[in-house]
1. Quote to one decimal, in nm, the extra length available between residue 74 and residue 143 on full extension: 0.36 nm per residue of separation minus the C-alpha distance between them.
2. Determine, from the Cβ-Cβ distance of residue 102 and residue 81 and an R0 of 30 Å, the FRET efficiency 1/(1 + (r/R0)^6), rounded to the nearest 0.05.
3. Which FRET efficiency, nearest 0.05, do residue 151 and residue 216 yield, Cβ-Cβ r, R0 30 Å?
4. Which whole-angstrom value gives the distance between the alpha carbon centres of region 1-69 and region 134-177?
5. Mind listing the Cα extents of region 164-246 along all three principal axes, in Å, largest one first?
6. At 7 Å along Cα-to-Cβ for each site, give me the label-to-label distance between residue 225 and residue 200 in nm.
7. Using packing as a proxy for protection, rank 215-221, 46-52, 235-241, 57-63 so that the peptide with the highest average count of other Cβ atoms within 10 Å comes first.
8. What is the packing order of peptides 4-12, 36-44, 184-192, taking the mean over residues of other C-beta atoms within 10 Å and listing the highest first?
């Protein structure tokens, strides 16, 4: 087994007593690079990340079958803090920063999970080093380090959420819908940071509905549909499939040969123009 790689095999997850959210999910994330998970709302994307990060129980969910292994260790059913110390850190959907704390205090909170937290000056030095790296990635956070997080823009809060996760020195970063609610320009900035994080040797498992962004960032992708893996392969290959282009890239289906003959009077039988999928507002 590759050191630092994530392997999910035959994963089954239920919520409550009877709601099956994942059915036999299998995927792998190598120690380096970006893997994307696509799918509509309710497909099971966030559930997958919760299972990996150990936070399912907080949402009344449970793993009923299958396995999750990271770096040769089984993660299924383990405490979230143990999983973070193993190097797997999640950035949840919706950012969820501590609104009443400053940017600096939010980052310090992210460092609380670091190994050897109570070892005195060495930890303080490590914390400062991690914070400096975050400020290098997000200069705007350095400028606003004393500002309350609740006063940041949505894009700045997303930067802070990612920065807070990086304070724990992850080897595998779980990103849940980082483009959600952001303007296109800010989405581009976040995408650039994800590329930089991956270039620094941190593996990324990216959950996204914005397929255009996800397929551009990822080396490999999986498409979930109602809790099951529907498609899997390289991002380039999936981007060329008719199904992904139609369902996730906003491209119209090619017109059938008999479309013109069967079209109602006054209805243009030609396929609709291509439109990029947009998952944001503003």
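Please treat every number below as a calculation from the coordinates, not as lab data. In this text the structure is predicted, and so the values were computed from the model without any measurement. Because the Cβ atoms are built from the backbone with ideal geometry, glycine has one as well, and the counts that use them run over all protein chains shown.
1. Extra length from residue 74 to residue 143 when fully extended: 20.8 nm.
2. Given R0 = 30 Å and the Cβ-Cβ separation, E is 0.80.
3. 0.45
4. Cα centroid of region 1-69 versus Cα centroid of region 134-177: 25 Å apart.
5. 39, 27, 23
6. Roughly 3.8 nm, to one decimal.
7. Peptide ranking by packing, descending: 46-52, 215-221, 235-241, 57-63.
8. Those peptides, ordered most packed to least, come out 36-44, 4-12, 184-192.
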